[in-house]
Amino acid sequence: MIQNLFSDFLRGYEVFIGFYALSYILFYFGLSVLSFIAIKIYSNRKYNIKDDILIKSNHVVGVSVVAPAFNEGANIVFNVQSLLSLNYPKFEVVIINDGSTDDTLEKLIEEFELVKVDFFYESKIHTQPVKGHYKSTNPVYSKLLVVDKVNGKSKADASNAGINSAQYPLFLCTDVDCILRKDTIVKLAKPFMENKRRVIATGAAIRASNSCEVREGFLDKIHYPKNWLARFQELEYIRAFLLGRMAWSKINSLLLVSGGLGLFDKDIAIKAGGYWHKSLGEDMELITRMRKHMYSIKEDFIIQYIPESLCFTEVPATIKVLVRQRSRWGRGLIQTLYLHRDVFFNKKYGRTGFLIFPHFLLFEFLVPILEAIGFITLLVSFIIFNTDYEHLLLLSIFVYFFYLTVTLFSILWDEILYNHYANVREVAILIAMAFIEPFVYHPINIFATLKGYYHFFRAKEQKWGDMERQGFVKVEKVAKAA
Amino acid sequence: MAYKVEIAAIAVCVLVCGNLQLSFSQGLDPHHIDSQVYIESGNPVSGLSYKVQLASYSDPVPHEHFELESQNDGFIWTFGEFEDFREALEVRDSLLADHPDAWVSYYFDGEKATYQKVDSLVQSHLIQSQKDELKESLYWLESAGYLPDVRYKVQVGSHNKPINKEGFSTETFEGNHLLLYGEFVDYHEALVARDSLINVGFKDSWVSFYLSGSRASLAEVSQHIKSNFVQTEVPEVKVVEKTDRSIRQEMETMLYADADKSFVKKLLYFEGERKIYSIALYFIIIFFGTTISLIMVLISHRRSVEMAKARKKVYQRKIDDFLSSLLLEDDLNDELLDKKLQKFKTKIPFEKDWCKELLIKNIVDLKKNFKGEMADMFITIYLKLELLSYTEKLINDSSWYVKTKGIFHFQELGYTKGLPIIKKYTKDPNDFLRNVAIIAYISLEPTEPLSIFNDYKGQIDKIDELKILDTIKKSRIKVPKNIINWLNSKNESLVSMTLKMVTYFNHLEAGDSVISLLDHPSSKIKNEAIVACGKLYLSQAEERLLEIFNKENENNQIEILKTLRTIGSITSTFFLEQLLDEKNSREVKIETMITLKELGSEVYEREFEDNSELGLIKMHVENPFIQ
């Protein structure tokens, strides 16, 4: 009897995994098709409006670029210069020094000729105390505002202080070390001005800047990363941004606008309560609350994604840092799903409750757990049970080639759209990485995510992770010589 | 071209995959026997004979030893007629010394036959032989009595994984798990059991053979029967003997038990699992083919991009040189221009679309920097190079986005003759195409271009507004006659854009209409009207602005405060001084303080306590570094 029950259980698990995998594959196939349509529509519209019209206009919507900085003394000056050089007629740069223990603030004061000003600050979103605001005495840097605050142990808290200090109706949230393309604001602000429905957030693709040539905070030449981990992450980013998020954008179901680059409606973000300082997935959590707010006021809205690589950021180059980052993301995911569990299948929240949240639970949260169980089951089967090697091999090859097809398609879109890489060799390396990613990089990711889940259940305290920066390929000397 | 290469690459890969599959299946065919090998082995085929052919002639040449045969195209000498191909070969070999061209030819029913015919005959013969063999084997099987080494079992199914079912036995054969029913010494009993099983639902049941306890083929069993005696006495062996009724009852019990099982249980042990694996195999082949194709496409795309870059660089230089030389030419008449253009066309791959696109881009860029005759010269070049037909081809394309590209050419070149083509798209249902057409129409139409907005019902987004305003500015368009009428339009997006036009043209005659829009139900229109009141210095709007202030949202309140800075009087100052004491947002408070400062209010000059809210706001406003 017990043997039969166990046998039934195993069989049940097998059938569940079979159907789960099939639905996963079909779902992602559907996403790929949607993504292709979305990218095609976007590229078809290039003659509809030229960016130079927006750049010259006095009637564009103002944008505040909000960038928190914690112990960024090494690169802060170049980073701020890079942000100040963005091409848009109405914007400001708000840098938040989140209680850095290094010389971040001193360097800013010195380089940009800052003085403390009597800024009338109102804490619309609660944050750790703000110690002061700094503005430049040099009119060249009039667009810069530096907010000095007590460390709040989270990027969310720092971003909230920036939002409170921002003067324009839209705010662009980024990390201070991110290198933005000059037309970033134009590209991201455009959907806010061309949609009939209210746009509450926009985002765009992020790429790895490791190995890119950077000249005084400006991107000089894009290269495929030399570091192995960074290479895998580049591949992952291409796939996630071009095939995943574009498809979600097409059906107006985005739940994640990356913390590295996102433009938000300030009014809605404040009404939704801003970033939650205890969240480890603050970007996803904010979008969830903004969505909930829009449903509560019953106003139709859009969250849109742009198939352009506008932001370049240094991605983790060591396993230790990568595991920490991914474990934080994993923890952030489960935290958000748990915190907003009332959204699941709630009529009030429309597609967020019936499509987006169930997807995140089934195909995002559950995947690492199932993979781990699958791995353990395989090990046990090898030892105890009579493994059906023929079918194991057949299905493994099937999944592997499906993965390769999807990944190579995303690389192809990327190549056709942007032609980012320098030569055939770099493209060939990218392809080679795709072949080994499932065996080398993916297990690290799974481990890190599961670690994040474990920490969530153990309720371990979160903190800002120190990113060990490797630095860009600097060409300052070239610039000076030139 | 690059795309053609890529498509070809995909096609090749798909074909390779298809062929791989084809070869695979051909390699698996165990029954195929080569006809030539078969006849060379001396196997007789009914009706087939062989003769040695020695020579052929156009006229009849008799021979004393050889037979002269008439054929359709002449006469041949033949020797002998054999049923065994090997014999014919031996004779031919003996004749080779005198007749080196001798060879064996085929005959069917006395007529000369081709190898194709022989092949077909041999294959039919083989199939018939196999059938005969099978028949013979079954005959032996059916007529045999008890044989001590031979057993029969009914095979119900073959599975990839171990399976257990009550009443059935299992065994493993060639990696498959077989589900078997009974063990019979008599073939007929096995057949009865098989039919009963088919009746109760096991449709794929069939009788399998066992020789000395091992699984055997029909041929092996029949061979064994042939070479052994028939024993009449049946010894005592333990066999499962069940009647048709007992099997039926057993199966019905099982099926009934199945019906009792939950839906989940049925789902767990669903049929057709094997089919999924077969489908997966097909998909692997498809995915594999796609993977290889994608790699080839990616590499070839990257190479072609690099080549195109280098190519464009070269031709860009040639175009630059040519256009510059035209600009520097002193006496450039029509004839000389024609001559130069014809010569230039031979230096570049003019027939390619990318080259035409590159040329138009260069012409547009240069034209922007010139006016008058020089600018007209670029239109002449554009026409003489017959680039107009390329643009028209784009506009006539079925895809809307290709059309926008063509319309854009006309707009950028200032080609006014293209207006009739463009006009029909200004009412197109596709928003993007219509907007591009409208912008192009406005920039090209010499008289009253904005009249296109009379009775305009389409949506104009903020971004379209910006484009239209930019075009008005660039083309120096004058105030449209109906501008005031547009302010009364029911199309809110048109009203919003008109308010911006009114401020751009500084059209004071529209003042009353603008003020009346302060009562418009749309807050966006009201916002634009408030801005317009300030920009047109409509001081008569002050009273109404103060009246509506408290009913407006924060954005409009801020705009009212900004407007009052330019049109406000003592009434506004009084109003704002009171407003300072009210509870408002940070932004409203700051704007109120700035407005009071601008209006020279005495309250603003008052000393506030440093830590009081008003004191902090005043310090914020007074700080020279805060915008």
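What follows draws every value from the coordinates through simple rules; no lab data is involved. All values derive from a computational prediction rather than experimental measurement. Ideal geometry is used to build each Cβ from the backbone, glycine not excepted, and the neighbour counts take in all protein chains shown.
Relative contact order for chain B: 7 percent, from Cα pairs under 8 Å spaced at least 6 residues apart, divided by residue count. For the residues of B:465-474, the average number of beta carbons from a partner chain within 10 Å of their own beta carbon is 4. Can you tell me the FRET efficiency between B:Asp84 and B:Ser58 if r is taken as the Cβ-Cβ distance and R0 is 30 Å, rounded to the nearest 0.05? For B:Asp84 and B:Ser58, the calculated efficiency is 0.40. For A:Ile96, the amide hydrogen comes within under 5 Å of the amide hydrogens of A:Ala67, A:Ala69, A:Val147, counting only partners 5 or more places away or on other chains and with H modelled in the peptide plane.
For the stretch B:559-574, backbone nitrogen atoms closer than 16 Å to the point 7 Å from B:Arg606 Cα along Cα-to-C-beta are found at B:573-574. Distance between the 7 Å Cα→Cβ label points at B:Asp519 and B:Arg476: 4.1 nm.
Calculation over all alpha carbon pairs of the stretch B:35-121 in 10 angstrom steps from 0 returns a P(r) of 18, 50, 29, 4 percent. Report note on the peptides A:423-431, B:444-452: ranked by the mean count of other C-beta atoms within 10 Å, highest first, their order is A:423-431, B:444-452. Computed from phi, the 3J(HN,Hα) profile of the stretch B:351-360 under the Karplus parametrisation 6.51, -1.76, 1.60 (θ = phi - 60°) reads 6, 7, 5, 4, 6, 5, 4, 5, 5, 4 Hz, with x in place of Gly and Pro. In this structure, B:Gln223 and B:Glu174 have a Cβ-Cβ separation that, at R0 = 25 Å, corresponds to a calculated FRET efficiency of about 0.75.
For the stretch B:66-210, the Kirkwood hydrodynamic radius comes to 20.6 Å, computed from all pairs of different C-alpha atoms. Averaged over peptide A:133-145, the number of partner chain Cβ atoms lying within 10 Å of each residue's Cβ comes to 2. Pairwise Cα separations in the stretch A:117-242 fall into 5 Å bins from 0 onward with the following percentages, short to long: 2, 8, 14, 16, 17, 17, 15, 9, 3, 0. If only the Cβ of Lys and Arg carry +1 and only the Cβ of Asp and Glu carry -1, the dipole of the stretch A:29-142 around its Cα centre is close to 840 debye. The stretch B:435-472 and the stretch B:521-547 have their alpha-carbon centroids 25 Å apart. Each principal axis of the protein assembly as shown carries a Cα extent, and these read 135, 92, 62 Å when sorted largest first. Per-residue extension of 0.36 nm, minus the Cα-Cα distance of B:Lys423 and B:Phe574, leaves a gain of 48.9 nm for this segment.
Evaluate E = 1/(1 + (r/R0)^6) for B:Ala310 and A:Lys40, where r is the Cβ-Cβ distance and R0 equals 25 Å; express this FRET efficiency to the nearest 0.05.
After rounding, the FRET efficiency stands at 0.35.
Can you check how the C-alpha radius of gyration of chain B compares to 2.2 N^0.38 Å, as a plain ratio?
Working: Rg = 48.5 Å, N = 627, 2.2 N^0.38 = 25.4 Å.
My calculation over the Cα atoms of chain B gives 1.91.
Mind checking the full-extension length gain between B:Leu358 and B:Glu543? Use 0.36 nm per residue of separation minus the Cα-Cα distance, one decimal, nm.
60.8 nm
Simple point charges give the picture: +1 on the Cβ of Lys and Arg, -1 on the Cβ of Asp and Glu, and for the stretch A:144-281 a dipole about the Cα centre of about 440 debye.
Rounded to the nearest Hz, the phi-derived 3J(HN,Hα) couplings of the stretch B:99-106 under the Karplus curve 6.51 cos²θ - 1.76 cosθ + 1.60 (θ = phi - 60°) are 10, x, 8, 5, 8, 9, 10, 9, where x marks glycine and proline.
The stretch between A:Ile397 and A:Tyr418, if pulled fully straight at 0.36 nm per residue, gains 4.5 nm over its current Cα-Cα span. Dipole magnitude for the protein assembly as shown: computed about the Cα centre from +1 point charges on Lys and Arg Cβ and -1 point charges on Asp and Glu Cβ, it is near 4620 debye. Annotation: amide H of A:Lys131 within the under-5 Å range of A:Asp148, A:Lys149, A:Val150, sequence separation 5 or more or interchain, hydrogens built in the peptide plane. Enumerate the helices in chain A for which the Kyte-Doolittle hydropathy averages 1.6 or more and the C-alpha atoms extend at least 18 Å along the helix's axis, using complete DSSP H runs. Span-like helices in chain A: A:366-383, A:424-440. Among B:Leu538, B:Leu48, A:Leu450, the order by Cβ neighbours within 10 angstrom, fewest to most, reads A:Leu450, B:Leu48, B:Leu538. For the stretch A:252-259, putting each phi into the Karplus relation 6.51 cos²θ - 1.76 cosθ + 1.60 with θ = phi - 60° gives couplings of 6, 10, 6, 10, 9, 10, 3, x Hz, in residue order, rounded to whole numbers and with x for Gly and Pro.
Over all residues in A:190-200, what is the mean tally of Cβ atoms on other chains that come within 10 Å of each residue's Cβ?
Working: counts 2, 1, 2, 6, 8, 3, 4, 0, 0, 0, 0.
Shielding by partners across A:190-200 averages 2.
The fraction of all Cα pairs in chain A landing in successive 20 Å bins from 0 to the largest distance is 22, 57, 19, 2, 0, given as whole percents. Packing, as the average of other Cβ atoms within 10 Å across residues, places the peptides B:298-304, B:493-499 in the order B:493-499, B:298-304, highest first.
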